[in-house]
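Asker: To start, I am sharing the structure in question, which I have written as structure tokens.
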Amino acid sequence: MKALGLLFLLMYLGPLAAGEAGAKPTKATAQPVQAKQVRAKPVLPKSVYFGDLHMHSGFSLNAAGFLTMNRPHELYRFARGEKIKHTVLGYVQLETPLDFAAVTDHPAYFGLMSAIFDKRNPHFVSNIAAEFRKGSARTRKAVEEHLYGDSLVPEAMRADAAFIAGAADVWEEIVRAADEADQHEAFTAFVGYSWRHVRPRENGLAGLHRNVIFKGAAPLLPWDSFHYRGPEALWARMEAFRARGAGDVIAIPVNVHLSGGWMYAARKDDGLPFDAAYARRRAHNEPLMQIMQSRGASETHTALARNDASADFELLPPDALLLGGPSGDPTDAATGYAREGLKHGLKHAAELGHNPFKHGFVGSTGTHNATPGRTLEQGYGGHHGIIDNTAPERLQDRPHDNPGALTAVWATANSRAAIFEALRRRETYATSGTRLRVRFFGGWDLDAQAHRRPDMVHYGYSQGVSMGADLPQPGPAAKEPVFVIWAYCDTDSAMLDRVQVVKGWLDQGEIKEKVFTDVVVAADNTTCELRGTWRDPAFDKNQAAFYYLRVLEKPVKRWSAYQEERTGLDSGKPKMIQERAWTSPIWYTPAAR
């Protein structure tokens, strides 16, 4: 076994993780050449790039358990548009390649993954490894029962040096696959993993995972949730990693609607109330949240946004949300949705001076099928290996799933550095799987016809701020913020329908929201581009607020409608949906009195 495995052994035998010893020497750690400094004009983020930052290879327990055995390098090949042989689906190829991606496997069972895949591992012949390779019903049951615990693997095997060394080998392969797939200006591959966090509820488990994404260099070992329990333990490792100069890293909460309200709860994991230091740490370490993936959307819920006609979009039923109460009332999990979190963040900011929930938006597939970016409604083939690889299984057993979402970033280049910086500053938006393009600028006293200017982008950056940023304090003559809006359709999807502005604000300690539904509306069914300049008609300089865009396409058939026509089955789901995009918000904070 490789010497690196001994470091993994130290992690299991002592409180100091070997991953703290330093950064894995990926190609991103090379020392830059010192060039002569010259004053140059700032480079504007003029290009939009689409990617998937939540996907699992066969190195994740809940992918291998469903016979998805493809390894990380194959996921990156698929993301780049190459044809791969899938262990369940046969030969598959992405219709339109992605610009960036990150494999985010669960590290807790990397030792078992090595035993399953690596014939040199002495545990390759063990019964449990053989069961996984067969994909038996027993294996699927084991995944369901043990995914969130550590009792799946016998204790003697977990303590064995060869088993531990195998876990280190798996992480090394993940890092190497990302480094080899990364091609400057052609395709960006980030090193990442999924940090799992769960707790019991009255009727099951509530989960709140984070995808950890590294800007460049990666630690020698991932910080898994068995050894670093609770988000503050994870943040401490991230902060120490930055402090050593190893590079930047962020954590992205995912599946927040499955958290049972845990995501935006008003107390820390230990039950104590937030304080300013906690709010500041959380905002810096977690600048983004995943607003949609194949297990549903997390923007809001019809029970929470009763006046929002477009809120009913890819929502999971109560029994799938682990809401905690036998009634399954979605209001029990109000703090598991993005819009509620943004509103509560305003309140925390007013009380603490820092907003812990200052989140931009990303979208992902969350695939356990090794098929990142496969988000088209027509031809949807499932995201969970052998448990949803046929139309009857999808329609009858998993009708609430969807093909997944994508992340869009406005960046200066297709590179790790440029795309990560866009993620860090929240200049991102999520789509429900299509590739429409959206711009959103805000400022004071902007030109009422700014959306018509040929230099709209330069004007927006020079006179205002882009999505994900804060409005500066207004001048004495400013009356209300002005927002510049532009959206362009995905020519392989539907035409555009309308652009809406979602506002949340704090009114004397009470959080409120309003959806402005007809900000820019298409004139007909052939509209590919929408532009507009919008002013908040009810702005109050004394009220903290946020604004984000929701761009709706014209209705299209849902994946289930296509497959119902072929099979004659009925999923009980709507026949038509409106694909959409959600931009990261723009915030306004009143001046301190």
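Asker: Just grab the label-to-label distance for residue 514 and residue 242, each label 7 Å out from Cα along the Cβ direction, in nm (one decimal).
Answerer: Taking the two extended label points, one gets 3.6 nm.
Asker: Starting from the residue with the highest accessible area, list 531, 394, 498, 120 in decreasing order, probe 1.4 Å.
Answerer: Correct descending sequence by accessible area is 120, 531, 498, 394.
Asker: Right, here's the next one. Pairs of alpha-carbon atoms within less than 8 angstrom and 6+ residues apart define the contacts here; what relative contact order does the chain have, in percent?
Answerer: About 14 percent, as a whole number.
Asker: Hey, another quick one. Roughly what angle does helix 231-243 make with the longest principal axis of the chain, taking Cα atoms, 0 to 90 degrees, to the nearest 10?
Answerer: Tilt relative to the chain: about 90 degrees.
Asker: Jot down the per residue volume, in cubic angstrom and as a whole number, of the convex hull over the alpha-carbon atoms of the chain.
Answerer: Taking only Cα atoms, the chain has a hull volume of 159 Å³ per residue.
Asker: Using the reciprocal of the averaged 1/r over all distinct C-alpha pairs, how large is the Kirkwood radius of the stretch 455-539 in Å?
Answerer: Here the Kirkwood hydrodynamic radius works out to 15.0 Å.
Asker: Quick one: in the stretch 154-291, what % of C-alpha pairs are over 24 Å apart?
Answerer: When all Cα pairs of the stretch 154-291 are counted, 39 percent exceed 24 Å.
Asker: By per-residue mean of other Cβ atoms within 10 Å, what is the highest-first order of 507-514, 125-132, 172-179? Can you show the working numbers first?
Answerer: Details: 507-514: 12.1, 125-132: 16.5, 172-179: 21.0.
In descending order of packing, they fall as 172-179, 125-132, 507-514.
Asker: Using per-residue counts of other Cβ atoms within 10 Å, averaged over each peptide, order 66-74, 279-287 from highest down.
Answerer: Going by the mean number of other Cβ atoms within 10 Å, highest first, we get 66-74, 279-287.
Asker: Roughly how far apart, in whole Å, are the Cα centres of the stretch 74-128 and the stretch 284-317?
Answerer: Taking the Cα centre of the stretch 284-317 as reference, the centre of the stretch 74-128 is 29 Å away.
Asker: Let me ask something else about it. At 0.692 mPa s and 37 °C, plugging the Kirkwood radius over alpha-carbon pairs of the stretch 366-486 into Stokes-Einstein gives what diffusion coefficient in µm²/s?
Answerer: Estimated via Stokes-Einstein, D reaches 189 µm²/s.
Asker: Give me the net charge for the shell around residue 272: Cβ to Cβ below 15 angstrom, other residues only, Lys and Arg +1, Asp and Glu -1.
Answerer: Charge balance near residue 272 sits at -1.
Asker: Place the peptides 97-103, 477-483, 467-473, 383-389 in order of packing, highest mean first, counting for every residue the other Cβ atoms within 10 Å and averaging per peptide.
Answerer: 97-103, 383-389, 467-473, 477-483
Asker: If you roll a 1.4 angstrom probe over the protein chains with everything in place, what fraction of the accessible area of the stretch 355-416 belongs to carbon and sulfur, to the nearest %? Let's see the in-between values first.
Answerer: Working: 610 of 1300 Å².
After summing per-atom areas, the C and S share lands at 47 percent.
The values are calculated or read from the model by the stated rules, or taken from the named source; none is laboratory data. The structure displayed is predicted, hence computed values, not measured ones. Cβ atoms come from the backbone with ideal geometry, glycine included; neighbour counts cover every protein chain shown. Heavy atoms of the whole protein, side chains included, go into the accessibility calculation; ligands, DNA and RNA do not. Shrake-Rupley method; radii C 1.70, N 1.55, O 1.52, S 1.80 Å.
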